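Engineer: Structure in structure tokens, see below.
The values are calculated or read from the model by the stated rules, or taken from the named source; none is laboratory data. In this text, all values refer to a predicted model and were calculated from it rather than measured experimentally. Here the Cβ positions follow ideal geometry from the backbone for every residue, glycine too, while neighbour counts run over all protein chains shown. Surface areas here come from the heavy atoms of the whole protein model, side chains and all, with no ligands, DNA or RNA. Shrake-Rupley method; radii C 1.70, N 1.55, O 1.52, S 1.80 Å.
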Number of protein chains: 2
Amino acid sequence: MVSEIKQDFPEDTDFSKLIKKYSDELGVLQREARELEIPLIIVFEGWYDVFIGEIINRQLLPLDSRGFDFYFTTTPTSEENKQPFIFRFSRKTPPKGKIAVFDRSWYMRGLIEHLLNDSEKFGCQNLTHKTNLETVLTEPADKKVVNTPVFTRLVKTINDFEKTLYDNGTRFIKIYLGARKEKRVDSQKIWKKIIPYDIDKRSTEKIYKKDIYVIKEVIEQTNTKNAPWHLYFVDPDIDKATAGTMKIIIDQMKQIIYETKTKQEQIDYESKTANDEKTNFEEVNNKKINFEEVNNKKINFEEVNDEKANFEDINDEKTSFEEINDEKTSNKAAENGKSQNSIAAKPLDLADLSKSYTKKEYKEKLKKYQKKLSFAHYSLFLNKKPMVLVFEGWDAAGKGGSIKRIVQAMNPRYYRVIPIGTPTEVDQKYHYLRRFLDGVPPCGKTSIYDRSWYGRVMVERIEGLCTEEEWSRAYEEINHFEKAMTNDDMIVIKFWLHISKEKQYERFTARSLNPLKQWKLTDEDWRNREKWDQYYDAVNEMIIKTDKKDAPWVIIEANDKYYARIKILKTIVKRIEKELDKEMKELDIPHGD
Amino acid sequence: MVSEIKQDFPEDTDFSKLIKKYSDELGVLQREARELEIPLIIVFEGWYDVFIGEIINRQLLPLDSRGFDFYFTTTPTSEENKQPFIFRFSRKTPPKGKIAVFDRSWYMRGLIEHLLNDSEKFGCQNLTHKTNLETVLTEPADKKVVNTPVFTRLVKTINDFEKTLYDNGTRFIKIYLGARKEKRVDSQKIWKKIIPYDIDKRSTEKIYKKDIYVIKEVIEQTNTKNAPWHLYFVDPDIDKATAGTMKIIIDQMKQIIYETKTKQEQIDYESKTANDEKTNFEEVNNKKINFEEVNNKKINFEEVNDEKANFEDINDEKTSFEEINDEKTSNKAAENGKSQNSIAAKPLDLADLSKSYTKKEYKEKLKKYQKKLSFAHYSLFLNKKPMVLVFEGWDAAGKGGSIKRIVQAMNPRYYRVIPIGTPTEVDQKYHYLRRFLDGVPPCGKTSIYDRSWYGRVMVERIEGLCTEEEWSRAYEEINHFEKAMTNDDMIVIKFWLHISKEKQYERFTARSLNPLKQWKLTDEDWRNREKWDQYYDAVNEMIIKTDKKDAPWVIIEANDKYYARIKILKTIVKRIEKELDKEMKELDIPHGD
């Protein structure tokens, strides 16, 4: 019997604060699971009006996008329908150290909806299945459904599938989000006002009664020791629902990580966890900062110390170290700005790095442009227009933080973040542009590339990973590649996040002191830094040679993170609005400045 | 101007002999291209009644299936239609050392058919495109088509795509197979009698006239220096058409290989090619046979010498060394058969390895069962039934030769051979069954696995690549995996090709002496051989634990290759006929014993 999970939050809980705390915890747990090479599957199922999409998006935001894949399961495509039903999910199982998050899965979309509605479409042998499912088809929501051989067989397939994965190391967190009747009605009312999407027509009381019996039965029969279900009734307060769901994931991940460790590691882990706060501080104090470098460069050392002092605030409102950093440095950024008296027309020379916003300005503009982006992005989906956003920039220029502010405003079903690392052994056997193809979005979807094919004319050029002839030719090849996209009415925008060399040093140092961010800083970052001037020239050449009307480069002055984020949001919104101007008006979606 | 290629074969040419000669040449050229790490794209386009499918199949048969991928391009799926049109082809470009063969490509299916017929379906923005294509839609076959901006843009996209690939090392052989009017009519008559499929309804004179202007224009405008077209008018004599097409590919591959080599290599190559026949013989005589092993084992040395003597026949009727070998050894096979007085019920002990056919019997039965298989396989396609054939067996048991005899009877559009090697770096990060999923056939298609997931309980078990706990568990996991297929009405048959240890030694030795087959024999084969007894036990356990009613193991007595091939063909035909019994009758396709 699957029993309900209750999260007892005190009445005066500040959920926004709690979510920040949980977010940090999730980030840490994700890195621990990665180090232990655990493949983790998180399944979200639920009734139609619990706003799974929104809740999931909030679980994903704190995660490192290189460490997870998100799958929104829709009705199978005709191609998917031509294969055994479990295989389209088997393909999406995660590798070692990675998380696969399923927004709907082999349960609702793989099994239940088939049984209840689409059984003729099931598999290759329509007729055969139809005969088997005759009783199902005539009386869908009846107990008869769960007594058919088809039902039994499909449930067994799922249990076998999960068992095989479990036995070979994969771990499961399966969450069913329910909503009580009165809350279901409430939430519909509330959410219709806030977001324009996600209201599912299936969500009526009649259908609910019809289907819930079968759903319950499936949940019960697939509630195994290795892959148990967690049933959680969500509150219409989205913050509360998010926190409650996060708590389930955190608790389960802790358990999974604990069980994966060896006995000795478990003992260590327990003592470490007990002294968690203290340990962190010790680490900070013991940290071997690269003092040599600190003395060599003229860095505002006071500021570094200031930042350290701020550590006490860690569970305070200003949880995000990044934000603290932003606020402090924004006013000083002007000093570090590049001189504009440049000789030739190097695009980067022209960037005014002193541009900045106060925290207040930032907060207001963030709210405004995120709301606009939310509408604009949904309009793209309705208009079937695909979009590619490319993020390039100096290490520590704030690509990750900027992407986060964008996706906060998007429905995860319609966007993907595609982190680009070094090519694999297999990638290297192919033409260098091929590995980027899988991320190219279909109609109506958005892909956000965190680094991209421009590696060819930056790191590969500078590190000598390709010949001069190859990278010289690549500008034109990349233009053709992007032209193939824009020809098909795809929106393409490329951002270069620009900071000064001094600002980068500050951020590196700050990262090295922040236990929550140390992992972001690698030796490679320091090595790249030594080649700043080479990169500076390469980036200028790249921007000049690949800046096209349909696929423009936008240089983002990013010494001040506030300014950078707002400029990016604004650029995207303006571009979408321009492209969709006609359609926007037809839809009567408000838009303006 | 693309000029026609004429192949001047003497009137008395024995095409069947010539095709054998060309096949050997193609095999050698494929290996040379692989060693030089050339990614090669072979594009077949042509009018609808030139039986491209049949001609291509005959080009593919001599190739090592590990070295090429075959793509039959159909009308794009709804998913493919949601992306820039060239990208679904970019994904299929070959890695270093591999060949991608396209049966229709970005020309007919990617560009021309869209322009002429399906333009509304083109891309995401139906309306936008419709407007652009208005002139096209109203007067499809007119000169106006090729004057539209859309046409110009798409042709440029193709040329850019091919240029980028060429500049990065990919080489192209693009062939357009035409048929003159009178031959087109002829061929329809002839082929309707011979094969039940492949008669395309589009193939009327009216449509021909309508479309050919645009096709010509596309061919001309994409006839670039780097990726030139080869226009060849085929004869209704399929052997002649095959030989003519093979000759084009051979000539082009030689040219490509030559140009890829360095100057010094080119000089060596020229002198080698001049003395080709002689060189081969020298190699045979100089070959360092592992004489130690020869003396240690009690091998029929006379036979090895006999085989060597037969080399003079190489361009004779008996070109295939394999066949010569078969004929010689079949009568002696009985001596090598395993004793049947085994203690426990080891399945392999029960195999009577003395079973054999004479060459005459073989030829008759091969013809009979290949014809049956051709009908049966096409019936599978019509009935949307997928099939998986798994080939496992001792090294040199004849898996490759058996698969070849199967696919000779199949239309390449409906089958794939999936060679399984060691898992890649990326594969290893995933669950061990995942890498086999891509090969699982959709409705109506057949996948032939040359080695398979059974590696887990054979090589991985014996080489200690997984733990005992892991391989012990794998039997059940594999049963579940196959159950997921058979649940969906997929036909699954697993063949174990069984030979005696002595027979293997004979074949290894023969391979080491045959310059056309040396590449097949690796040091690993000899190492595996040393573990014969361990494998013998593992195979028996595997067969016992994974032999299921819906997914049976069939042990093939393969000391005599003739017997083995016929038994395999027969098994497949019987199984298909059984499964499709009802449908076969409805289709009125003759079948019997």
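Engineer: State all residues of the stretch A:201-240 that are surrounded by fewer than 17 Cβ atoms within 10 Å (Cβ to Cβ) and modelled with pLDDT of 90 or more; if no residue qualifies, say none.
Structural biologist: A:220, A:221, A:224, A:225, A:226, A:228, A:239, listed by residue number.
Engineer: Another question, if that's okay. Could you please give the count of residues in the stretch B:215-268 that are assigned to a helix (DSSP H, G or I), acidic (Asp, Glu) and touching a residue at least 40 places away in the same chain (Cβ under 8 Å)?
Structural biologist: Here is the first cut: in the stretch B:215-268, the residues assigned to a helix (DSSP H, G or I) are B:215-221, B:238-260, B:263-268.
Checking the rest, the ones that are also acidic (Asp, Glu) come to B:217, B:220, B:239, B:251, B:259, B:265, B:268.
Okay, now just the ones that are also touching a residue at least 40 places away in the same chain (Cβ under 8 Å), so B:217, B:220, B:239.
The number of residues fulfilling the criteria is 3.
Engineer: Also: Output yes when any residue across the stretch A:104-114 is within 20 Å of residue B:436 (Cβ to Cβ), under 22 Å from the mean Cα position of the chain (by Cα) and either away from every other protein chain (no Cβ under 14 Å) or surrounded by 19 or more Cβ atoms within 10 Å (Cβ to Cβ) (or both), and no when none is.
Structural biologist: Here is the first cut: in the stretch A:104-114, the ones within 20 Å of residue B:436 (Cβ to Cβ) are A:106, A:110.
With the extra rule that they be under 22 Å from the mean Cα position of the chain (by Cα), the set shrinks to A:106.
Subset that is either away from every other protein chain (no Cβ under 14 Å) or surrounded by 19 or more Cβ atoms within 10 Å (Cβ to Cβ) (or both): A:106.
Yes, the conditions are met somewhere in the stretch A:104-114.
Engineer: Look at the stretch B:477-527 and say how many of its residues are under 26 Å from the mean Cα position of the chain (by Cα), away from every other protein chain (no Cβ under 14 Å) and aromatic (Phe, Trp, Tyr).
Structural biologist: 4
Engineer: Now for a separate question. Quick check, is residue B:474 over 25 Å from residue B:351 (Cα atoms), at pLDDT 90 or above and within 11 Å of chain A (Cβ to nearest Cβ)?
Structural biologist: Numbers: over 25 Å from residue B:351 (Cα atoms): yes; at pLDDT 90 or above: yes; within 11 Å of chain A (Cβ to nearest Cβ): yes.
It is true that residue B:474 is over 25 Å from residue B:351 (Cα atoms), at pLDDT 90 or above and within 11 Å of chain A (Cβ to nearest Cβ).
Engineer: For residues in the stretch A:87-96 being touching a Phe, Trp or Tyr at 6+ places or on another chain (Cβ under 6 Å) and without any contact (Cβ under 8 Å) to a residue 60 or more places away in the chain, which is farthest from the other protein chains (Cβ to nearest Cβ)? Explain how you work it out, then say what you get.
Structural biologist: First, the residues of the stretch A:87-96 that are touching a Phe, Trp or Tyr at 6+ places or on another chain (Cβ under 6 Å): A:89, A:92, A:95.
Going one step further and asking which of them are without any contact (Cβ under 8 Å) to a residue 60 or more places away in the chain, we end up with A:92, A:95.
On the way: A:92: 10, A:95: 3 Å.
Among those that are touching a Phe, Trp or Tyr at 6+ places or on another chain (Cβ under 6 Å) and without any contact (Cβ under 8 Å) to a residue 60 or more places away in the chain, it is A:92.
Engineer: On the given criteria, is residue B:454 modelled with pLDDT of 95 or more, surrounded by fewer than 22 Cβ atoms within 10 Å (Cβ to Cβ) and aromatic (Phe, Trp, Tyr)? Show your work before the answer.
Structural biologist: Values: modelled with pLDDT of 95 or more: yes; surrounded by fewer than 22 Cβ atoms within 10 Å (Cβ to Cβ): no; aromatic (Phe, Trp, Tyr): yes.
Against the criterion (modelled with pLDDT of 95 or more, surrounded by fewer than 22 Cβ atoms within 10 Å (Cβ to Cβ) and aromatic (Phe, Trp, Tyr)), residue B:454 does not qualify.
Engineer: Further, regarding this structure: Here is a check on your reading of the model: is residue A:4 open to solvent by less than 10 Å² (accessible area, probe 1.4 Å) and of a type in the set (D, E, K, R)? It would help to see each step written out before you state the result.
Structural biologist: On the way: open to solvent by less than 10 Å² (accessible area, probe 1.4 Å): no; of a type in the set (D, E, K, R): yes.
So residue A:4 fails the test.
Engineer: Given A:416, A:451, which one is of a type in the set (D, E, K, R) and within 11 Å of the chain's Cα centre (by Cα)? Spell out the reasoning first.
Structural biologist: On the way: A:451 fails: within 11 Å of the chain's Cα centre (by Cα).
Criteria check complete, one pass: A:416.
Engineer: Now for a separate question. Could you tell me whether any residue of the stretch A:428-451 is open to solvent by less than 40 Å² (accessible area, probe 1.4 Å), more than 13 Å from chain B (Cβ to nearest Cβ) and assigned to a helix (DSSP H, G or I)?
Structural biologist: Within the stretch A:428-451 (the criterion being open to solvent by less than 40 Å² (accessible area, probe 1.4 Å), more than 13 Å from chain B (Cβ to nearest Cβ) and assigned to a helix (DSSP H, G or I)), the answer is no, since none of the residues qualifies.
Engineer: So, one more: Which condition does residue B:339 not pass, out of (1) modelled with pLDDT of 95 or more; (2) more than 14 Å from chain A (Cβ to nearest Cβ), if it passes all the others?
Structural biologist: The one condition residue B:339 does not meet is (1).
Engineer: Let me ask something else. From A:397, A:409, grab the single residue that is modelled with pLDDT of 95 or more and away from chain B (no Cβ under 14 Å). Quick ask: steps written out before the conclusion?
Structural biologist: Working: A:409 fails: modelled with pLDDT of 95 or more.
Among A:397, A:409, only A:397 is modelled with pLDDT of 95 or more and away from chain B (no Cβ under 14 Å).
Engineer: Continuing with this model, one more query. Exactly one condition in (1) in a helix (DSSP H, G or I); (2) within 11 Å of chain A (Cβ to nearest Cβ); (3) in contact (Cβ under 8 Å) with a residue 40 or more places away in the chain is not met by residue B:402; state its number.
Structural biologist: Every condition holds for residue B:402 apart from (2).
Engineer: Moving on. State all residues of the stretch B:97-108 that are part of a loop (DSSP other than H, G, I, E, B) and in contact with a Phe, Trp or Tyr (Cβ under 8 Å, 6 or more places away or on another chain); if no residue qualifies, say none. So that I can check it myself, show each step before the final result.
Structural biologist: Here is the first cut: in the stretch B:97-108, the residues part of a loop (DSSP other than H, G, I, E, B) are B:97-98, B:104-107.
B:98, B:104, B:105, B:106 - these are the residues of the stretch B:97-108 that are part of a loop (DSSP other than H, G, I, E, B) and in contact with a Phe, Trp or Tyr (Cβ under 8 Å, 6 or more places away or on another chain).
Engineer: If you take the residues of the stretch B:50-76 that are among the polar types (S, T, N, Q) and within 14 Å of another protein chain (Cβ to nearest Cβ), which of them is farthest from the chain's Cα centre (by Cα)? Before the answer, list the steps.
Structural biologist: Initially, the stretch B:50-76 is screened for residues among the polar types (S, T, N, Q), giving B:57, B:59, B:65, B:73-75.
Imposing the further condition that a residue be within 14 Å of another protein chain (Cβ to nearest Cβ) reduces the set to B:74-75.
Numbers: B:74: 19, B:75: 22 Å.
The residue in question is B:75.
Engineer: Can you tell me which residue among A:267, A:250 is open to solvent by 20 Å² or more (accessible area, probe 1.4 Å), β-branched (Val, Ile, Thr) and either more than 24 Å from residue A:20 (Cα to Cα) or modelled with pLDDT of 85 or more (or both)? Before you say what the answer is, go through the steps one by one.
Structural biologist: Details: A:250 fails: open to solvent by 20 Å² or more (accessible area, probe 1.4 Å).
Going through A:267, A:250 in turn, the sole match is A:267.
Engineer: Do we have residue B:457 as facing another protein chain (nearest Cβ under 10 Å) and not polar (S, T, N, Q) here? Lay out the reasoning, then the answer.
Structural biologist: Values: facing another protein chain (nearest Cβ under 10 Å): no; not polar (S, T, N, Q): yes.
Considered against the rule, which asks whether it is facing another protein chain (nearest Cβ under 10 Å) and not polar (S, T, N, Q), residue B:457 comes out as no.
Let's see how each residue does on (1) crowded, with 19+ Cβ neighbours inside 10 Å; (2) within 14 Å of chain A (Cβ to nearest Cβ); (3) on the phi < 0 side of the Ramachandran plot; (4) outside any helix (DSSP H, G or I):
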| position | (1), (2), (3), (4) |
| --- | --- |
| B:16 | no, no, yes, no |
| B:21 | no, no, yes, no |
| B:24 | no, no, yes, no |
| B:29 | yes, no, yes, no |
| B:37 | no, yes, no, yes |
| B:48 | yes, no, yes, yes |
| B:78 | no, yes, yes, yes |
| B:85 | yes, yes, yes, yes |
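Engineer: Condition test on residue B:413, is it touching a residue at least 40 places away in the same chain (Cβ under 8 Å) and assigned to a helix (DSSP H, G or I)? Write out each step before concluding.
Structural biologist: Details: touching a residue at least 40 places away in the same chain (Cβ under 8 Å): yes; assigned to a helix (DSSP H, G or I): yes.
So residue B:413 fits the description; yes.
Engineer: How many residues are surrounded by fewer than 20 Cβ atoms within 10 Å (Cβ to Cβ) and over 27 Å from residue A:543 (Cα atoms) if we restrict to the stretch A:378-410?
Structural biologist: Of the residues in that region, 3 qualify.
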